[in-house]
Amino acid sequence: RRLRESGLDFRLSDRLENAVLLDGVAYNELPGVGEGWFFIQDEASQICVEALGAHSGETIVDVCSCPGSKSFGSAIRMKNEGKIYSFDLHKSKLPLIEKNAERLGISIIETAERDGRNPDESLFGRADRVLCDVPCSGLGVIAKKPEIRYKSISEFERLPEIQYEILSASARYVRKGGILVYSTCTVLPRENRENVERFLSEHKDFEAVDFRVGELRSAGGMLSLSPDIDGTDGFFVAKMRRKENV
């Protein structure tokens, strides 16, 4: 109603219950900024949050969380009930999460500086759901970050191994029967599908889990999104479960 009253063009997402899609609108033109009515997030990232599927009362670990939108989306799904540990390598970025969590009225997020390759042992086997939105080449968001075009491809060569180390370390947080989601904002198979296939081959206590968001369906637990087909950022999401009986 407030968007209509402001004369702004928007539409509701066909895929997501709580998404409003806008184009060509400045952030400071939107009503409700100061009141914490919303936060900005691409539809692809919201699809990732839906795949994670957090519920009220659960314990969630977001291992590479800044600037925090996926933690916020999960907290909203959880109705601000439960616990979210939002970790990031860069301590200087954590206030972005803390400030926006306060603006949004979210109190269940706890932030900490942590390298995803060195997990917190006190949380091993305790998390209902773990999100590894790992550092990546960012080739899926060139439209928003055109400077990526000028990076040398050699800068990306070490990323798959770093991503795999983060994924393997973070898997230790997941309780039996719990969910592990791996995501990137790139389109390169070696950062996406190949990392997940390697993980599943080397971690027999995990299995792929298919999921659906709107009309989008994963295959083998994996979903790739692209701007030209899906109207989102270029993005990759994989969902896995830690087996109960292993």
Filter result for residue 205 (more than 16 Å from residue 63 (Cα to Cα), in contact with a strand residue (DSSP E or B) (Cβ under 7 Å, 6 or more places away or on another chain) and among the acidic types (Asp, Glu)): yes
Candidates 9, 42, 62 - the one that is open to solvent by 20 Å² or more (accessible area, probe 1.4 Å) and either touching a residue at least 24 places away in the same chain (Cβ under 8 Å) or touching a helix residue (DSSP H, G or I) at 6+ places or on another chain (Cβ under 7 Å) (or both): 42
Residues located in the stretch 69-98, provided they are under 20 Å from residue 57 (Cα atoms), surrounded by fewer than 19 Cβ atoms within 10 Å (Cβ to Cβ) and among the polar types (S, T, N, Q): 80
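Conditions tested, residue by residue: (1) without any contact (Cβ under 8 Å) to a residue 24 or more places away in the chain; (2) over 30 Å from residue 21 (Cα atoms); (3) more than 14 Å from the chain's Cα centre (by Cα).
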position	(1), (2), (3)
154	yes, yes, yes
160	no, yes, yes
171	no, yes, yes
179	no, no, no
187	no, no, yes
204	no, yes, yes
216	no, no, yes
228	yes, no, yes
242	no, yes, yes
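Within the stretch 125-132, is even one residue touching a residue at least 24 places away in the same chain (Cβ under 8 Å), of a type outside the set (A, V, I, L, M) and more than 30 Å from residue 244 (Cα to Cα)?
Taking the stretch 125-132 as the starting set, the residues that turn out to be touching a residue at least 24 places away in the same chain (Cβ under 8 Å) are 125-132.
From what is left, the residues that are of a type outside the set (A, V, I, L, M) are 125-126, 128-129, 132.
From what's left, more than 30 Å from residue 244 (Cα to Cα): none.
Among the residues of the stretch 125-132, not one is touching a residue at least 24 places away in the same chain (Cβ under 8 Å), of a type outside the set (A, V, I, L, M) and more than 30 Å from residue 244 (Cα to Cα), which makes the answer no.
Residue check: is residue 174 farther than 13 Å from residue 238 by Cβ, at pLDDT 95 or above and among the aliphatic types (A, V, I, L, M)?
Values: farther than 13 Å from residue 238 by Cβ: yes; at pLDDT 95 or above: yes; among the aliphatic types (A, V, I, L, M): yes.
Here the answer is yes, as residue 174 does meet what is asked.
Restricting attention to the stretch 21-36, which residues are surrounded by 13 or more Cβ atoms within 10 Å (Cβ to Cβ), at negative phi and out of contact with any strand residue (DSSP E or B) (no Cβ under 6 Å at 6 or more places or on another chain)? Write out each step before concluding.
Here is the first cut: in the stretch 21-36, the residues surrounded by 13 or more Cβ atoms within 10 Å (Cβ to Cβ) are 21-22, 25, 30-31, 33, 36.
Then drop every residue that is not at negative phi, which leaves 21-22, 25, 30-31, 33.
Once the filter is applied, which keeps residues that are surrounded by 13 or more Cβ atoms within 10 Å (Cβ to Cβ), at negative phi and out of contact with any strand residue (DSSP E or B) (no Cβ under 6 Å at 6 or more places or on another chain), the stretch 21-36 yields 22, 25, 30, 31, 33.
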Some residue of the stretch 147-169 being among the charged types (D, E, K, R) and modelled with pLDDT of 95 or more: yes
Within the stretch 137-246, strands (runs of 3 or more DSSP E) holding 1 or more residues that are closer than 22 Å to residue 67 by Cβ and either open to solvent by less than 80 Å² (accessible area, probe 1.4 Å) or among the hydroxyl-bearing types (Ser, Thr, Tyr) (or both): 174-184, 222-225, 235-242
Some residue of the stretch 38-52 being modelled with pLDDT under 95 and farther than 26 Å from residue 163 by Cβ: yes
Residue under evaluation residue 121, criteria (1) within 13 Å of residue 173 (Cβ to Cβ); (2) open to solvent by less than 60 Å² (accessible area, probe 1.4 Å), criterion not met: (2)
Candidates 127, 101, 112 - the one that is farther than 26 Å from residue 24 by Cα, buried (at least 21 other Cβ atoms within 10 Å of the Cβ) and among the small types (Gly, Ala, Ser): 127
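The values are calculated or read from the model by the stated rules, or taken from the named source; none is laboratory data. Treat the numbers as computed from the prediction; the structure is a model and nothing was measured. Note that we place each Cβ from the backbone using ideal geometry, even for glycine, and neighbour counts take in every protein chain shown. Note: areas computed on protein heavy atoms with side chains; ligands, DNA, RNA excluded. Shrake-Rupley method; radii C 1.70, N 1.55, O 1.52, S 1.80 Å.
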